[in-house]
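The values are calculated or read from the model by the stated rules, or taken from the named source; none is laboratory data. Every value quoted in this text rests on a predicted model; they were computed, and no experiment measured them. In this analysis, Cβ positions are derived from the backbone assuming ideal geometry, glycine residues included, and neighbour counts consider all displayed protein chains.
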Amino acid sequence: MTLTTVFFRACARLPQLRRIPERATTVFCARSFSSEAELKKTPLYDFHKEHGGRMVDFTGWSMPVQYKDGIGASHLHTRANASIFDVSHMVQSRIHGWDGVKFIESLTVGDIAGLRENQGTLTLFTNDRGGIMDDLIVSKTSEGFLYVVTNAGCAEKDIAHMQSQCAEFQAQGRDAAVEVIQDQFGLLALQGPSAAAALQTGVDGDLSRITFMCSAVLTVFGVPGCRVTRCGYTGEDGFEVSIPVDQVVQVADSLLNVKSTDVKLAGLGPRDSLRLEAGLCLYGNDIDEDTTPVEATLLWTVAKRRRAESNFPGAGVILQQIKDKPSRKRVGITSKGPPARAGTTILSEDGTSIGVVTSGCPSPSLKKNVAMGYVQTAFAKAGTPLKLEVRGKQVAAQVSKMPFVPANYYHGK
Amino acid sequence: MAAVAMRCARGLAFRATKLLTSTQTPTYYGAQTFRRFSRTVTALDSVKKFTKDHEWITLDGTTGTIGITYQAQDKLGEIVYVELPEVGAEMSQGDECGAVESVKAVGDLFCPVSGECIEVNTALEEDASLINSSPYEDGWILKMKLSKPEELDDLMDEEAYQAFVKTEDS
C-alpha cells in the first residue's frame, strides 16, 4: 500500500489553494518540503520531542501531529479530560492607537466597537469579492490595544494585509499601528472539561469569572503577564494562554504535572478531528478567498450594525447574497463505511453532482464519519439524503446539523 | 484553525525487529533455501515476502495471504475502516485492490502478485483495528490464488524489506 496521507491543503501551499484534488489522498510533505533543519520551531519544539511527539512540517513549522497514544485516543482524552495543544505557530498581534477599533473594523465584518472590555469575538477578514481572507479572533483588551490571533497558514498574507492597510489608514491621518508579537509570546491551547480545574491550580484569580470569549492577564504557574482567553478550537471548554516566549515550557510542564487532573499533550491530528466534530471551519479547506460568509453559513459573524453600515470589504456582494440567497451552502454530512475526505464529490440521490466535501474524517467520538462540504442550496436541509463518491463507489450519506458533538462552552454559573 | 500535515514516507518507526521475530518468520537462510530450491512450500514453511508498498504475502501452495506490515499500520495509526476487495475479482500485480483508513490517513492497497481474490477477512469489517494489533496474523486482509507464482521473486525478503524501511526512514 502507499502510505499517502490526507491532510489539509493548507499545508505549505497557502494562500492560493482553491481547487480540491479529485482524490483526497495527497501530499508527501517530507519529499516536497523543507528539511527538518529548515523548519521553524516553536518554544516547545524540544519539549515535544522529549515527550515523544511525531513531528511534521506544517506550513513551514515543525509541529507534532500526534504523540505515543495515537490520534483517536488523544481526541477522546480531550473530550473526557484535557489536552494541551501547542499553537505558537499562529500569529499573535496587537492593534494600537485611538482608531485601532475603526482600523480593524475596516478589514473585518464584526462589531468590534460593541465588544465589552476583555471580550473577544471570532471574525473574518474579507476581500473585495466578499470572499474570506482568513478567520481570526479579535479581543478588546483593558490595556488599550486589540489582541488579534490569525492563522499560521495565512501568516504572510495577513501580516502584509494588516500592515499595508494600516499604512493607508495612517496616511488618512488616523491613529493605528500593527505590532506582531509572535516572537515574544508562545500560545498554548488547553482544552477539555478539566481544563479549568487544571489551570486554576496555577492561577490566583477565580477562573469561573472568565466566560467564553473573554480574557484576562494573569500570573500562570508563577509566570506573570500571560493573557488567558477562554476560547478554543475543539468545542470543549478551554483556554488559549499567551505566554512570554521563555516560559512557555514551564507553563506546559506545570499543566502536565497537575496532580488532580490528567492533562496530556495533543498534536495537530486530534486538533483537526476535534474541530471537525465541533463543526468549526478550517481555513484553506472549508473557507477560502472564494467563499463568502453567506455560503459558509457564517453570517452570524457579519454584525447587524456592519450590514446596515455596509462598511467592510465585499459588503456589496455579501449584502446582495443575503437578499438573493447563495447558490451553495456549507453543510455537515454524516456517513458510514469509507470516510469521505476533502475533494470527495457529493451527489444527489439520483447521482447528479451537487457539491464537494471540504473536510472529512472518521469521528472518534461518534464512531461514524463526519464531513463538511458545500452543496447546492436546494440540498442543504438537515436530513437530505446524499451520496458520496469514494474511490469510485457511491456511499450513502445525509446532511446533518452541526456541531456533530454538542459544544460545552462556559457561559458562567 | 490549524491544519495537519503528516509525513508518511519519513519517520517510520523501526520497531519491527521484536515483533517480526515473534511471528512465524523463517530464518533468513531458510528463506533463501526455499527460494532457490522450491516453489512448492508446505503450510509450515510459508515464506513471507514484502513489497515496496509495505504489504506482505505468505504462500501456502498457490494460495497467498496478504496484509500490511507492522510499519504500515504504525504509520497509519488506529485503523478505523478497511475497504476489502471483491471475492472473485481477477487482479494483476500492482492493481489497486482496496484501502486501509485511519483518522488522518488513507493507505491504498496494491496487489503484490496477480491472481484471483478467493477470500477476504470479514472480521475486519467488525474490527478494523485487528490490523494494528495483529498485522501478520489476525489482521490479514485477503487471500489470492496466484496465477503467476514467479512474481514472488520480484518481491523483497524480510531482510531486504527491513533494509528498505531503514532507507525510507533516513
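Before moving on, here are some points about what is shown:
- Here is the figure for the range A:125-139: residues that are in contact with a strand residue (DSSP E or B) (Cβ under 6 Å, 6 or more places away or on another chain) and either modelled with pLDDT under 95 or more than 20 Å from residue A:168 (Cβ to Cβ) (or both) total 4.
- Residues (more than 23 Å from residue A:362 (Cβ to Cβ) and of a type in the set (A, V, I, L, M, F, W, C)) located in the range B:57-100: B:57, B:59, B:66, B:87, B:89, B:91
Yes/no per residue for (1) at pLDDT below 95; (2) under 23 Å from residue B:86 (Cα atoms); (3) not polar (S, T, N, Q):
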residue	(1), (2), (3)
A:343	no, no, yes
A:353	no, no, no
A:365	no, no, no
A:370	no, no, yes
A:374	no, no, yes
A:377	no, no, no
A:391	yes, yes, yes
A:394	no, yes, no
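- When the range A:56-111 is filtered for residues that are away from chain B (no Cβ under 11 Å), in a helix (DSSP H, G or I) and not acidic (Asp, Glu), the ones remaining, listed by number, are A:77, A:78, A:79, A:80, A:100, A:101, A:102, A:103, A:104, A:106, A:107.
- Tabulated pairs, the range A:170-189, first on the phi < 0 side of the Ramachandran plot, second among the hydrophobic types (A, V, I, L, M, F, W, C) and loosely packed, with under 15 Cβ neighbours inside 10 Å, C-beta under 9 angstrom, 6+ apart or interchain: A:174/A:98; A:175/A:98; A:176/A:98
- When we screen B:145, B:75 for residues that are farther than 25 Å from residue A:342 by Cβ and among the basic types (Lys, Arg), the only hit is B:145.
- Residue in the range A:271-286 that is of a type outside the set (A, V, I, L, M), closer than 12 Å to residue A:109 by Cα and modelled with pLDDT of 95 or more present: no
- Filtered residue count, the range B:79-124, keeping only those that are within 13 Å of chain A (Cβ to nearest Cβ), in a loop (DSSP other than H, G, I, E, B) and touching a Ser or Thr at 6+ places or on another chain (Cβ under 6 Å): 2
- Subset of the range A:148-193 (residues that are surrounded by 18 or more Cβ atoms within 10 Å (Cβ to Cβ) and in a helix (DSSP H, G or I)): A:152, A:153, A:154, A:155, A:157, A:158, A:161, A:162, A:165, A:166, A:169
- Filtered residues of the range A:162-182 (kept if out of contact with any helix residue (DSSP H, G or I) (no Cβ under 7 Å at 6 or more places or on another chain) and under 20 Å from residue A:43 (Cβ atoms)): A:179, A:181, A:182
- Hits in the range B:122-145 - residues which are more than 15 Å from the chain's Cα centre (by Cα) and either of a type in the set (Phe, Trp, Tyr) or under 19 Å from residue B:92 (Cα atoms) (or both): B:145
- First in the range A:336-351 and more than 11 Å from chain B (Cβ to nearest Cβ) and closer than 22 Å to residue A:363 by Cα, second anywhere and of a type in the set (Ser, Thr, Tyr) and in a strand (DSSP E or B), Cβ under 9 Å, 6 or more apart: A:343/A:26; A:343/A:358; A:345/A:353; A:346/A:353; A:346/A:374; A:347/A:353
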